[in-house]
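**Student:** Supplied in structure tokens, the structure appears directly below.
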Amino acid sequence: MKNLVIFIFFLITAVLQAQEKKQEREEGIERDEMPSSALFLIEKIPEKAKRVRFYSETDGENESYEVKFNFNKSIFSVEFGEKGKLQDVEVTLNDKEVPSTIIENIEAYLQESHERYKIEKIQAQYLPLTPKDSTGLHLLVRSLSFKNNAPSNYEIIVAVKNNGNLNKFEMIFDENGHFQNKREIIRNSYDYLIF
Amino acid sequence: MTILSFNKIIPGFLLAFVLLNFQTLKAQENFSMLVDPEFSLNIDTPSRWSYNFGLSNRDIIYENEAYNFDAQHIELSHFTSYEIAFYSKVSLGIKYRFKEIFHKDQQDEVRIIQQFGNSRKFNLLKIAHRARFEQRFSENTTFRTRYRFSVELPLSGQRVDQSEFFIVGNTEALWSLGNKERPSLEQRFSIALGNDIWTNIKASLGLQYRYDDYTGNPGSELFITSEINLSL
């Protein structure tokens, strides 16, 4: 009985420790729940766009918004900050849509620094860098014809193996495919789906 | 259709599924209803090894066209798994079913399980495949091969955050054979509504329909399943 009490105590402690982390939350919202200053740009999303969806996300302190849609067989994600300020536009690409010299540079980096890797997702990231982009419209138009306009960065999600360990990263490469930085992503356990 | 409308559609669909099927199912011969609550603990280590422990119980609540409570077994299980690739794990497991304490004429059962699991997220959906070989040792020895395909869908947003609901659906095909029994085929369909109560605790409540020995002497069972899953 005493052992059971100790076991339960450790169990509760472990649960409470996990609670102390900041609570991130992301959820689907309606169009009219988006910040009003973002609506101007939302109206400029092409009529042909399909599956237009709106999301809000918070990390416990900052709030951000996202509009996702499919256009010309690609998935677009337009991200806004708290007050509806445009942060970036991301377009999910397949390998063939990335110019070959760039994908070669990205793969050369991955090969060099990891035993094995598997690219899960490639996104072209368009950032509002010039004064022209500040309204967002110019940036959106540029991203919509992404095949003719080089992005600011490429953001990839990649699973890697090093020294026997498996990890997942979000990596940023510049417009030429040169490595900039990386951030580790927590690999979800799907054990509850396979037991 | 926005993602929000899933919230309204899916619980409605679940309710319709239960109400429509329940009366028709009950009218069938060879039909029973059971409850199967489970508690499971997953331990993920920083290495490629992970461990899973389970405690469950099964009781018949409806059989031979009458409601009747009849405890079947208590089950202890353990799996040790090794990640063989980015999305795949192989596991070796053992299960022990205490049956004799409920039915003097039955023997306890030991099961040895070899498993291959593959799971990955594709945008909104988590997709999992599971293949198992089992050796069941009880009064008779039975060998079983089974494959399960599961899909998980978050009900708000693109991922399941704390206290958010998700839905899991799966179907499993089973093929059993033993030296004292005819080979039999079985198909199972499950649907469950789950919630991430805390970051590392999931709870789910669902239904599982089992259609067994459909090429021989068909019978069907409806399980009310519930699970609390703790991940450390």
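The values are calculated or read from the model by the stated rules, or taken from the named source; none is laboratory data. Quantities reported herein were computed from a predicted structural model and do not represent experimental measurements. Because the Cβ atoms are built from the backbone with ideal geometry, glycine has one as well, and the counts that use them run over all protein chains shown. All accessible areas refer to the heavy atoms of the entire protein, side chains included, with ligands and DNA or RNA removed. Shrake-Rupley method; radii C 1.70, N 1.55, O 1.52, S 1.80 Å.
**Student:** Hey, among A:E79, A:E90, which residue is open to solvent by 10 Å² or more (accessible area, probe 1.4 Å), in contact (Cβ under 8 Å) with a residue 60 or more places away in the chain, under 29 Å from B:R120 (Cα atoms) and under 17 Å from the mean Cα position of the chain (by Cα)?
**Tutor:** None of the others qualify; the one that does is A:E90.
**Student:** Shifting gears a bit: Given (1) more than 9 Å from chain A (Cβ to nearest Cβ); (2) open to solvent by less than 20 Å² (accessible area, probe 1.4 Å); (3) within 30 Å of A:D59 (Cβ to Cβ); (4) not small (G, A, S), where does B:V160 come up short, assuming only one miss?
**Tutor:** It is condition (2) that B:V160 fails.
**Student:** Just for the range B:136-157: of the residues that are within 11 Å of chain A (Cβ to nearest Cβ) and assigned to a loop (DSSP other than H, G, I, E, B), which one is modelled with the highest pLDDT?
**Tutor:** By that ranking, first place goes to B:L155.
**Student:** Restricting attention to the range B:56-77, which residues are within 14 Å of another protein chain (Cβ to nearest Cβ) and surrounded by 14 or more Cβ atoms within 10 Å (Cβ to Cβ)?
**Tutor:** B:S56, B:E75, B:S77
To keep it simple, each residue is scored yes or no on (1) of a type in the set (A, V, I, L, M); (2) free of Cβ contacts under 8 Å to residues at least 24 places away in the same chain.
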| position | (1), (2) |
| --- | --- |
| B:Y67 | no, yes |
| B:F79 | no, no |
| B:V90 | yes, no |
| B:D105 | no, yes |
| B:D108 | no, no |
| B:R120 | no, no |
| B:E139 | no, no |
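**Student:** Applying the selection to the range A:50-74, what residues are in contact with a strand residue (DSSP E or B) (Cβ under 6 Å, 6 or more places away or on another chain), over 19 Å from B:S156 (Cα atoms) and either open to solvent by 10 Å² or more (accessible area, probe 1.4 Å) or free of Cβ contacts under 8 Å to residues at least 12 places away in the same chain (or both)?
**Tutor:** A:K50, A:N70, listed by residue number.
**Student:** B:V110: open to solvent by 30 Å² or more (accessible area, probe 1.4 Å) and hydrophobic (A, V, I, L, M, F, W, C), yes or no?
**Tutor:** yes
**Student:** Answer yes if at least one residue in the range B:196-216 is among the basic types (K, R) and more than 9 Å from every other protein chain (Cβ to nearest Cβ), and no otherwise.
**Tutor:** yes
**Student:** Let me ask something else. Answer yes or no as to whether B:F86 is crowded, with 18+ Cβ neighbours inside 10 Å, within 10 Å of chain A (Cβ to nearest Cβ) and touching a Lys or Arg at 6+ places or on another chain (Cβ under 6 Å).
**Tutor:** yes
**Student:** I've got another one for you. Testing B:K121 on (1) part of a strand (DSSP E or B); (2) exposed (fewer than 15 other Cβ atoms within 10 Å of the Cβ); (3) over 18 Å from the mean Cα position of the chain (by Cα), one condition comes back false. Which one is that?
**Tutor:** Here B:K121 meets the rest and fails (2).
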